[in-house]
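Worksheet: the structure to be examined is printed underneath.
The values are calculated or read from the model by the stated rules, or taken from the named source; none is laboratory data. Since we're looking at a predicted model, the values are computed, not measured. Reconstructed Cβ throughout: ideal geometry from the backbone, glycine too, with neighbour counts over all protein chains shown.
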Amino acid sequence: MAVLLDSGARVLVQGITGREGSFHTKLMLEYGTKVVAGVTPGKGGGEVHGVPVYDSVAEALSEHPDINTSIVFVPAPFAPDAVYEAIDAGIKLVVVITEGIPVHDTMKFVNYAKSKGAYIIGPNCPGIITPGQAKVGIMPGHIFKPGPVGVVSRSGTLTYEISYLLTREGVGQSTVIGIGGDPVVGLTFTEAMKLFQDDEETEALVLIGEIGGDMEERAAAMMAKGEFKKPVVAYIAGRTAPREKRMGHAGAIIMMGTGTYESKVKALEEAGALIAETPFQVPELVKKALRR
């Protein structure tokens, strides 16, 4: 088992002929991910790293009906249309790497995906990897190793850093998901936690949060209700950030006293999570959680 992604993934790259799309297609192929087709309107008939390019998602699926996953490298003004195209074609997992998509556009396509039974990861995210099986995203594959710990993160860079620290300490990962740093994202912490709860290979979960929003508090509420029963180690970024100031991620803003570092840590701690004050503490706390 794995969460959302395994060796059975057959991947379509939307925006494959662009610089980012082409570069990361090569890296995904090198990791062993089965990238079977790409789409760039007007560029059909070509190839990128041996992957055939089509003018539309429908055309790609008519030639490759086993496609079940898409990754979007399309510029922000056109990315929502690319997402709708993938969902309408029946693709059930769409990873949106693009940043800068207006929030109201994201809200619409996330809502539409839910109505069609599809999962969106992102936007503005590093993607998803099930180590040793497949990666659909921009994360450096060599830092991950298969193992029993799930990772779900709002921060791209911290996803890599903490996963690397776990690997270095001999702790492998089941599936690692970077959900994105925008105020509205497709897959949320609680939705990811439901999937990790049902995954037999995941024995513990690392939650990488940050100030702003209430996603971490919702995760804590889920734990407190007993809906997530596996041990959780949490790291929340932004402890020293000044209040009422937008920090890096569009979603990392504290308003009206909600979304603070303190409120998130308190909620998670009360729900039974082990809290790491620095990323370097995560591996030791994970080992402790696994021994419980």
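Restricting the first member to region 1-26 and to residues that are under 23 Å from Glu59 (Cβ atoms) and touching a residue at least 60 places away in the same chain (Cβ under 8 Å), and the second to residues that are among the basic types (Lys, Arg) and surrounded by fewer than 19 Cβ atoms within 10 Å (Cβ to Cβ), the beta-carbon pairs closer than 7 Å and six or more apart or on different chains are Ala9/Lys34; Val11/Lys34. The residues on offer are Val3, Val39, and the sole one that is surrounded by 15 or more Cβ atoms within 10 Å (Cβ to Cβ), touching a helix residue (DSSP H, G or I) at 6+ places or on another chain (Cβ under 7 Å), among the aliphatic types (A, V, I, L, M) and assigned by TED's automatic domain parsing to the domain that holds Ile87 is Val39. When we screen Tyr84, Tyr54 for residues that are aromatic (Phe, Trp, Tyr), surrounded by fewer than 20 Cβ atoms within 10 Å (Cβ to Cβ) and over 16 Å from Ile138 (Cβ atoms), the only hit is Tyr84.
When Arg168 is tested against the conditions (1) out of contact with any Ser or Thr (no Cβ under 9 Å at 6 or more places or on another chain); (2) buried (at least 19 other Cβ atoms within 10 Å of the Cβ), the lone failure is (2). Scanning region 51-89 for residues that are within 20 Å of Ala134 (Cβ to Cβ), of a type in the set (Gly, Ala, Ser) and free of Cβ contacts under 8 Å to residues at least 12 places away in the same chain yields no hits at all. Within region 81-113, the residues that satisfy the criterion of being farther than 17 Å from Ile179 by Cβ and touching a Pro at 6+ places or on another chain (Cβ under 8 Å) are Asp105, Lys108. Between a residue in region 156-176 that is under 19 Å from Thr202 (Cβ atoms) and any residue that is at pLDDT below 95 and not in a helix (DSSP H, G or I), which pairs come within a Cβ distance under 6 Å, given they are 6 or more apart or on different chains? What qualifies is Thr175/Ala2.
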